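One structure is given here, and the rest of the page talks about it.
The values are calculated or read from the model by the stated rules, or taken from the named source; none is laboratory data. Values in this document were obtained by computation on a predicted structure and should not be read as measured data. Because the Cβ atoms are built from the backbone with ideal geometry, glycine has one as well, and the counts that use them run over all protein chains shown. Accessible surface areas use protein heavy atoms only, side chains included; no ligands, DNA or RNA. Shrake-Rupley method; radii C 1.70, N 1.55, O 1.52, S 1.80 Å.
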Amino acid sequence: MGYHIATSLNDALDVLAQTRARIIAGGTDVYPSMGDGPPPAELLDITRLDALRGIDQENGAWRIGAATRWSDIVKADFPSAFNGLKAAARQVGGWQIQNAGTVAGNICNASPAADGVPPLLTLDAEVEVMSTSGTRRIALSEFISGARQTDLRPGEMVTALYIPILPETIQGRFLKLGTRKYLVISIAMVAALIDLDENQRIRFARVAVGACSAVAQRLPGLEAALIGTSPKTVAEDSSLWRSHLAPLSPITDARGSETYRTEAAATLCRRAVLACMEREDG
Amino acid sequence: MGSSGAGFPVAFTLNKSSVQAVATPGERLSYTLRERLARRDVKVGCNAGDCGACTVLVDGEPVCACLMATPQASGRTVDTLAGLITYDPLAQRLAESFQAHAAAQCGICTPGMMVTAVALLRRVPKPTPEVVEEALGGVLCRCTGYRKIIDAVCDAGRGAWPEPPGTGEVGAAIRKLDGQSKVTGQELFSDDLATAGSLVLRVLRSPHARAGFRFGNLEAYLSEAPGIEAVLTADDVPGQNLFGVIPGFIDQPVFAEHEARFRGEAVAAVVGDAEVMQTFDMTRFPVEWVPRPAVEGIDAALSPCAEQLHTGHANNVMCSGLVRCGDADSALEKADVTAEGQFTTAYVEHAYIEPEAAFAYVENGRLVIHAGTQAPVMNRESLALILGMDEDRIRIAPTAVGGGFGSKLDLSIQPLVALAALKTDRPVRATYSRAESMQSTTKRHPAQINLKVGAKADGTLCGMRFDGTFNTGAYASWGPTVANRVPVHASGPYCVADYHAASTAVYTNGPPSGAFRGFGVPQSAIAQETLFDELAEALEMDALEFRILNALSAGQPTVCGQVFDKGVGIKACLEALRPAWKEGRAAAHAFNLDAEAHDSPLRRGVGVAAGWYGCGNTSLPNPSTIRAGLRADGTVVLHQGAMDIGQGANTVIAQIFAQALGLPVRGIQIVGPDTDITPDGGKTSASRQTFVSGNAAKLTGEALRRRILSMVNASETSNLSTAEGQIVVADTAQTHRIDLTKLPPDKEGYVLQACESYDPPTKPLDENGQGIPYAQFGYAAHMAEIEVDLSLGTVKARRFTAAHDVGQAINPLLVEGQVHGGIAQGLGMALMEEYLPGRTENLHDYLIPTTGDMPPVETFIIEDPDAHGPYGAKGLGEHVLIPTAPALLNAIAHASGIRIRQVPATPSVVLAALREAGHG
């Protein structure tokens, strides 16, 4: 067994190239996944790499370092399109978890109920992946390839997320549904980004649903159908939601039935879009 | 780069001191702090970030120490409660405020709560309750219902908190006498006593609900594993490989033999050096499993083709109970209205934040066991049989208990460490993981209940027929108690002349069901109290007035034919809710009209339910003994063996004793519990400690007082006080000074002693359940105000109003604490809690309420003195959750019109019921 503390990015990539070390940052998924068993044989600690933590803008995009914590997201000075991501950040576990858990950890864990994924999908996040043989970027929607599965290959690690800069008028929202208020794994969750034209009709729409399929997903059909609609239509036309949720494939488990998830997802989509249209802060 | 295989040296600042430690790769900071740096104020509840008990500050930020790799703390600043309390003024204010609000009950979550609160108050000096709720949302508490904690944090921010008047006499809301250690990180719980160098035991458990098994070559396994000292199986049990709690139902093996009967059952244990066991892989244990078809659930157990799980129990029926009076069936035929229904409830997990842990060693040829327990003397009796040892060679010296709620009555981990300590002749410790705790210890019985009730047109009850089947799981535990208790209580606190209540407990391959706050009565109350609402509705009567009309009064017989001359306070409880009820129902109505007009999916509702609970064992002796002595220096020492599991026995029993003796409670020294030094205070169960041990304390205090007074022939009304080496007795005429230094001390150093026992007067029940099951009942009525989201099926509790007849509140502050905590558990049972073996074996899949789920509670304390209770006091511990779940279900019905007959009423269940009823 070994515990490696990376002192530089290259150092980390070398360790990954030479070992099958599991990366540890906030530990909020690594430790629970151990159950009552021993720790992984090799761990690579990336929390000492300052380059991996932080939020800034470069080349017309937001860059969120892989080891940026959820509490950093909560505190960040983002435009209103990020309101959904910030709301999700405040619901990743409790305060203790938000102070440890990282954005990249959340996507690499690839839980169908990962809180960060739906808002990041609506933000069109791209994942930067590095290894000793180079750097590549991949859309988040392709990076998470299944429940608990990612496109990460041996020797690779996520180093950052990139989010294109969006118009300041876009509003983001995130709604999470669970059986209790805090420290809860979602039964269903929805993130939405909406922008309105001068007639208060939707001109820009992105909606993603989590915990209702193996991987959280955008609903392009719904997004297209929303273009041009008025708040009244959004509020009153229930057919709008049900007909475009077909891509979802919710399961029945202890948290909720398939039927329940489908219905709840429709309600949450509607409420998230309406909330965006109300243009309240935060 | 830094890299390490064997050991990882780390240095950081811990509580303002520089420390160094060598951690194994992947070691959690919580382990390093507790085991290498002796910071056992850092509590471990789940090792998964689900409970927040291990919260420490790293560079000022609250994090779960169980999720941080120790090297990540290198060079940083780490603060724990025990440090903060010495140098951080906010922590010191929090400690005072927590004490003033009795915000620490068992105290196991307190370090995590207070450390998080320090971080909050540094950022937000005067937070609102809403801000505190969110900040503490990551720390679970199972005792308090959170509201006292939230109040304490807000008051600490303001710098002002309530201070009770009085000197601690009966009725004074004094701070907990044992509270200081809980708010400073000094309290020692089950896992906090083990000494360095102790061997560590881990358990091999069945992964199947039912499976045969064969071990491989254990000798070879033992010899090939370095650092392993012993392997234990059923062959290593020198006495009987059985334990249990009810004579005639002692059926659970310490280690399964040939067949495991539930998932999580222990079949073997490995004992080794701590460093080896820290990363030991139990999956390599040489065992071969042969899974067999399991009997899952009540229907499967009762099916004619079901496997018979225990010999001598045909049809898997463990036992049954019956109470009947009058003629239920003909009364139901004569009734003007009837209501009936089938109800189901789930396995409920106690979910105390402290998993089981124990530490055992041999000292002077005697076995010593330190572990949290609710029943030290019962534990010793069972252990003597298992170990084949005389009881006097076993000493049980319990630690503080980090929550019990019934499950820590039974033996669990104690026999394992005892066997290991005897076999290795070395100190041995063990700690259950959260999964082990949840898999292997007892649960609340799942129930299937059929109930029919009737009433006349004038609203008086007319006939009730109850048939309840309870899943007792793989072993009996307290199943017989549930089967006996439920028929006595299923009427609720009402006058029911024609009654027939039968109960059956069946064996399955589920986890053993045992004692859990209420012993089956919370389940039966769900059926009875929701159908009472339906009767009232059918009669177009107000639901509260219907209950008041039928409430039991002094002089009326219970369904067991027992008649109380006094102390039946249910009507007063229900009447106390009247103003809030009228106001709440009207407000909900107005809200709903507005919601309908604005097409909002939110609906509000107000529900009421009542409950009663007989204190002490059902028609069986359950004495308590309390002893006290006076030292030559004037110190009064109270030998208090009644386990305080957070509810406050250490304080309440001392208050009663002090009142009877006539000295201030604060000067009294409390020792115990410890089977070597305290007499048997009985088990902390059945809401009996305030009543039964309280009476023993009262008798002991009175006896000691008589002995003092008789020395100077003073009158009974004399005032006592102590001075150095003296007792001062002030009679109306003169003042006597007794020089205690002149009196000969006994071998314990006491110049005077008293020891008294009390056993509640009960009588056996006849074949129809008629008799005197309990010497006293306590009474309760709860009102729940909720909001339902008709589109999502979510239910949010907005407020509770609770009225409890406690006879005489010994300490009103602790009464409120019990009420809050019971309501939180009732809310969990009603809305979210379901233990599913293999699926909800952790605290993120098994959900208990958080700070954000538990609304404010208004408590009315009703005092209708009991004939037998000390100063009229009644028990309370279980009454507090009995009405909660049905009050919530009735509130859901008021809000939405739907009647839910299964708990938990999760959003999925509620929405399905709404759709079935045609909503949306």
Q. How many of the residues in the range B:36-47 are closer than 14 Å to B:Leu14 by Cα, open to solvent by 10 Å² or more (accessible area, probe 1.4 Å) and either assigned to a helix (DSSP H, G or I) or in contact with a strand residue (DSSP E or B) (Cβ under 9 Å, 6 or more places away or on another chain) (or both)?
A. 4
Q: Restricting attention to the range B:327-375, report how many residues are open to solvent by less than 10 Å² (accessible area, probe 1.4 Å), among the β-branched types (Val, Ile, Thr), touching a residue at least 40 places away in the same chain (Cβ under 8 Å) and not in a loop (DSSP other than H, G, I, E, B).
A: 2
Q.
Any residue at all in the range B:124-145 that's within 19 Å of B:Arg39 (Cα to Cα), without any contact (Cβ under 8 Å) to a residue 40 or more places away in the chain and away from every other protein chain (no Cβ under 14 Å)?
A. no
Q | Of residues in the range B:5-33 being away from chain A (no Cβ under 12 Å) and either in a loop (DSSP other than H, G, I, E, B) or touching a residue at least 60 places away in the same chain (Cβ under 8 Å) (or both), the one most open to solvent (accessible area, probe 1.4 Å) | A | B:Lys16
Q) List pairs: first in the range B:844-861 and over 15 Å from B:Gly45 (Cβ atoms) and more than 11 Å from chain A (Cβ to nearest Cβ), second in a loop (DSSP other than H, G, I, E, B) and not aliphatic (A, V, I, L, M), Cβ under 8 Å, 6+ apart or cross-chain? A) B:Val857/B:Gly145
Q. Of everything in the range A:88-116 that's within 22 Å of A:Gly146 (Cβ to Cβ) and part of a helix (DSSP H, G or I), which residue is nearest to the other protein chains (Cβ to nearest Cβ)?
A. A:Gly105
**Q.** Identity of the residue in the range A:10-31, open to solvent by 30 Å² or more (accessible area, probe 1.4 Å) and farther than 20 Å from A:Thr68 by Cα, that ends up nearest to the other protein chains (Cβ to nearest Cβ)
**A.** A:Asp14
**Q.** Every residue from the range B:114-140 that is open to solvent by 50 Å² or more (accessible area, probe 1.4 Å) and either of a type in the set (S, T, N, Q) or in contact with a Phe, Trp or Tyr (Cβ under 9 Å, 6 or more places away or on another chain) (or both)
**A.** B:Thr128, B:Glu134
Q: Please go through the range A:32-62 and pick out each residue that is surrounded by 18 or more Cβ atoms within 10 Å (Cβ to Cβ) and among the charged types (D, E, K, R).
A: A:Glu42, A:Asp45, A:Arg48, A:Arg53
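Quick check on the range B:423-471: of everything there that is hydrophobic (A, V, I, L, M, F, W, C) and either part of a helix (DSSP H, G or I) or open to solvent by 10 Å² or more (accessible area, probe 1.4 Å) (or both), which residue is farthest from B:Asp235 (Cα to Cα)?
B:Ala457
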Q) What is the one condition in (1) at pLDDT 95 or above; (2) touching a His at 6+ places or on another chain (Cβ under 6 Å); (3) not aromatic (Phe, Trp, Tyr) that B:Ser3 does not satisfy? A) (1)
(Q) Would you confirm, using the coordinates I've provided, whether B:Asp50 is under 24 Å from B:Gly821 (Cα atoms), open to solvent by 10 Å² or more (accessible area, probe 1.4 Å) and not in a loop (DSSP other than H, G, I, E, B)? (A) no
(Q) Being outside any loop (DSSP other than H, G, I, E, B) and open to solvent by less than 30 Å² (accessible area, probe 1.4 Å) is the filter here; which residues of the range B:226-255 pass it? (A) B:Ile228, B:Ala230, B:Val231, B:Leu232, B:Ala234, B:Phe243, B:Gln252
Q) Which one is modelled with the highest pLDDT among residues in the range A:242-257 that are farther than 19 Å from B:Tyr846 by Cβ and over 22 Å from the mean Cα position of the chain (by Cα)? A) A:Ser243
(Q) Can you list residue pairs whose Cβ atoms sit under 6 Å apart, with the first residue in the range B:429-454 being within 14 Å of chain A (Cβ to nearest Cβ) and the second being in a strand (DSSP E or B)? Count only pairs 6 or more apart in sequence or on different chains. (A) B:Ala430/B:Leu201; B:Ala430/B:Ala358; B:Thr431/B:Ala357; B:Met438/B:Glu349
Q. Out of all the residues in the range A:248-263, which are within 7 Å of chain B (Cβ to nearest Cβ) and in contact with a strand residue (DSSP E or B) (Cβ under 8 Å, 6 or more places away or on another chain)?
A. A:Gly256
Q: Within the range B:829-841, track down each residue that is more than 8 Å from every other protein chain (Cβ to nearest Cβ) and not small (Gly, Ala, Ser).
A: B:Met829, B:Glu833, B:Tyr835, B:Pro837, B:Glu841
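Can B:Lys148 be described as closer than 29 Å to A:Arg90 by Cβ, in contact with a Gly (Cβ under 8 Å, 6 or more places away or on another chain) and surrounded by 23 or more Cβ atoms within 10 Å (Cβ to Cβ)? It would help to see each step written out before you state the result.
Numbers: closer than 29 Å to A:Arg90 by Cβ: yes; in contact with a Gly (Cβ under 8 Å, 6 or more places away or on another chain): yes; surrounded by 23 or more Cβ atoms within 10 Å (Cβ to Cβ): yes.
In short, yes.
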(Q) Residue pairs, Cβ under 6 Å, 6 or more apart or interchain, first in the range B:791-816 and within 14 Å of chain A (Cβ to nearest Cβ), second among the charged types (D, E, K, R) and open to solvent by 10 Å² or more (accessible area, probe 1.4 Å). List them. (A) B:Lys796/B:Glu787; B:Arg798/B:Glu785; B:Arg798/B:Glu787
Q: Considering only the range B:24-72, state which residues are under 23 Å from A:Pro40 (Cβ atoms) and of a type in the set (S, T, N, Q).
A: B:Thr24, B:Ser30, B:Thr32, B:Asn47, B:Thr70, B:Gln72
(Q) Checking B:Leu416 against (1) under 26 Å from B:Val521 (Cβ atoms); (2) open to solvent by less than 10 Å² (accessible area, probe 1.4 Å): exactly one of these is not met. Which one? (A) (1)
Q) Looking at this structure, is B:Thr167 open to solvent by 10 Å² or more (accessible area, probe 1.4 Å) and either closer than 30 Å to B:Val270 by Cβ or part of a helix (DSSP H, G or I) (or both)? A) no
Q: Out of the residues in the range B:638-689 that are part of a strand (DSSP E or B) and open to solvent by less than 10 Å² (accessible area, probe 1.4 Å), state the one that is nearest to B:Thr717 (Cα to Cα).
A: B:Leu638
Q. Residues A:Leu240, A:Leu268, A:Leu222: which one is outside any loop (DSSP other than H, G, I, E, B), within 14 Å of another protein chain (Cβ to nearest Cβ) and not β-branched (Val, Ile, Thr)?
A. A:Leu268
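Every residue, every condition in (1) closer than 22 Å to A:Glu58 by Cβ; (2) part of a loop (DSSP other than H, G, I, E, B); (3) within 14 Å of another protein chain (Cβ to nearest Cβ); (4) not β-branched (Val, Ile, Thr), yes or no:
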site	(1), (2), (3), (4)
A:Pro118	no, no, no, yes
A:Val127	yes, no, no, no
A:Met130	yes, no, no, yes
A:Leu152	no, yes, no, yes
A:Leu161	yes, no, no, yes
A:Pro167	yes, yes, no, yes
A:Arg173	no, no, no, yes
Q: Take the range B:256-265 and flag every residue that is out of contact with any Pro (no Cβ under 8 Å at 6 or more places or on another chain) and open to solvent by 10 Å² or more (accessible area, probe 1.4 Å).
A: B:Glu257, B:His258, B:Glu259, B:Arg261
